[in-house]
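Structure record follows, encoded as structure tokens.
The values are calculated or read from the model by the stated rules, or taken from the named source; none is laboratory data. Everything numeric in this text was worked out from a predicted model, so none of it was measured. We place every Cβ from the backbone using ideal geometry, glycine too, and count neighbours over all the protein chains shown.
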Amino acid sequence: MIVRSGQYRRWGVAGVVAVFTGAVMLAWVLRLLNSSTYGGVSTIDEMISRQTDVPAPEITADVRVSQTFVASDNDLTEVQIFVGTYARVNTIPLVFTLSAGDGPVLRTIQADPATIYDNAFHPFIFDPIPDSRGRAYAVTISSPQARPGNAFTAWLGNCDCYAEGVVSIDGKPRQDQELALRVDYQHSGVVVWKELVNRMSQYKPGILKGLGLVLLAFVSTVFALAALGAVVLSAGPAKGGQGRPAWLAVSVVVAVAIVLLTHAYSGI
């Protein structure tokens, strides 16, 4: 009876450590998947420019806003543009076009004005372009029927923060500005999870930065030492020597998880 209670106690410590470590990893992954870096389990976002310093002129029949960029991957499937409504209800749709650099128009989308929100990224989703990697593209938003007072705008950043592209208004380049823009690439779930693992050390929830990360590392270490201590100090062989290999395996997994967490959380 004493032996059995000791086994339950040791398994309880290991269970606490495993659940705690697993919960941290799961929360971390879900936070990453829900961030702007990932558009879901089949899409990865690439931010071209996130700065929103000044609005472009009202996009009317006489105003067109364009931005060039180079695709970093295949299966380009979405472009998101940070737009504004001037805090009013506009009734004229925006027209989005994607061109092959200076070449032909590849995709055209008309956005319902009722779906466009003020000061937010608006998605333009289209059939994936399979061989997009390394190719230059130009996105243009226009509104041929719009008039001043019933038109949208797009936000620009006062920076030359994207070296591979340039924004232009009515065909006139603005070297010191960029359109607030991000693009999306469609991938299989396997590729997305691989990319997720690669980026886990770069993106951490705010609560896990600074003091929060120190506390997490401390608590994780305490639990790990408790589990390993339970093995070393109170792991006597069960009947016939059974149970010890499984217990040691759990301890190794816990130790590896702590090492991986420490490595991933380093460099705050």
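Observations, loosely collected:
- Residue 132 being in a loop (DSSP other than H, G, I, E, B) and not charged (D, E, K, R): yes
- Subset of the range 67-94 [hydroxyl-bearing (Ser, Thr, Tyr) and more than 22 Å from residue 128 (Cβ to Cβ)]: 85, 86, 91
- Restricting the range 50-101 to residues that are polar (S, T, N, Q) and under 12 Å from residue 154 (Cα atoms), the residue that is surrounded by the most Cβ atoms within 10 Å (Cβ to Cβ): 67
- Cβ-Cβ distances below 8 Å connect the following pairs, each with a first residue in the range 79-100 that is in the same structural domain as residue 119 (by TED's automatic domain parsing) and within 20 Å of residue 48 (Cβ to Cβ), a second residue that is among the basic types (Lys, Arg) and crowded, with 21+ Cβ neighbours inside 10 Å, and a separation of six or more residues or different chains: 79/182; 80/182.
- In this structure, residue 149 qualifies as on the phi > 0 side of the Ramachandran plot and more than 23 Å from the chain's Cα centre (by Cα).
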